[in-house]
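Right, one structure below, let's go through it.
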Amino acid sequence: QVQLVESGGGLVQAGGSLRLSCVASGRTFSSYAMGWFRQAPGYEREFVATISWNGVGTRYADSVKGRFTISRDNAKNTVYLQMNSLKPDDTAVYYCAVGSSALITTIPERYNYWGQGTLVTVSS
């Protein structure tokens, strides 16, 4: 059974940092792109960042570019999201997902597996 478990969320003041982790189990995902999405209350789920199967290719939403960094450790079946200079607008539930191919994509429908999410709250 495929399972993605996110961790690292919490409450942080504006300007602070958090590092999210997502551990995948049930199969090996080293051949697939992985991504992070988020959903704030009252809003639709939105793309945050994605990384190619080998970690070479990355893409970010304009709203997080320069502040967030996505990385992965295929030996640990884990993807990370380092979040710096956090803003109250970053408050959301953050989800990791495994893509259907090795190539990066910002489209949620092209991700096959999703975690349950971890809540990030940024206070002003």
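The values are calculated or read from the model by the stated rules, or taken from the named source; none is laboratory data. Given the structure is predicted, the values throughout are model-derived calculations rather than measurements. Don't worry about glycine lacking a Cβ; one is built from the backbone with ideal geometry, like all the others, and counts go over all protein chains shown. The area values use the complete protein model at the heavy-atom level, side chains included, leaving out ligands, DNA and RNA. Shrake-Rupley method; radii C 1.70, N 1.55, O 1.52, S 1.80 Å.
Summary of values
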item	result
Selection count where residues are touching a helix residue (DSSP H, G or I) at 6+ places or on another chain (Cβ under 7 Å), in a strand (DSSP E or B) and of a type outside the set (A, V, I, L, M, F, W, C), scope the stretch 68-122	1
Pair list, Cβ < 7 Å and 6+ apart or interchain, from the stretch 20-46 residues that are at positive phi to residues that are part of a strand (DSSP E or B) and open to solvent by 30 Å² or more (accessible area, probe 1.4 Å)	Gly26/Gln3
Qualifying positions in the stretch 66-81 - surrounded by 16 or more Cβ atoms within 10 Å (Cβ to Cβ) and either touching a Cys at 6+ places or on another chain (Cβ under 7 Å) or of a type in the set (A, V, I, L, M, F, W, C) (or both)	Phe68, Ile70, Thr78, Val79, Leu81
Per-region count, the stretch 71-124, residues among the charged types (D, E, K, R) and closer than 22 Å to Tyr43 by Cβ	5
Residue that is least open to solvent (accessible area, probe 1.4 Å), among those in the stretch 30-65 that are touching a Phe, Trp or Tyr at 6+ places or on another chain (Cβ under 8 Å) and part of a loop (DSSP other than H, G, I, E, B)	Ala33
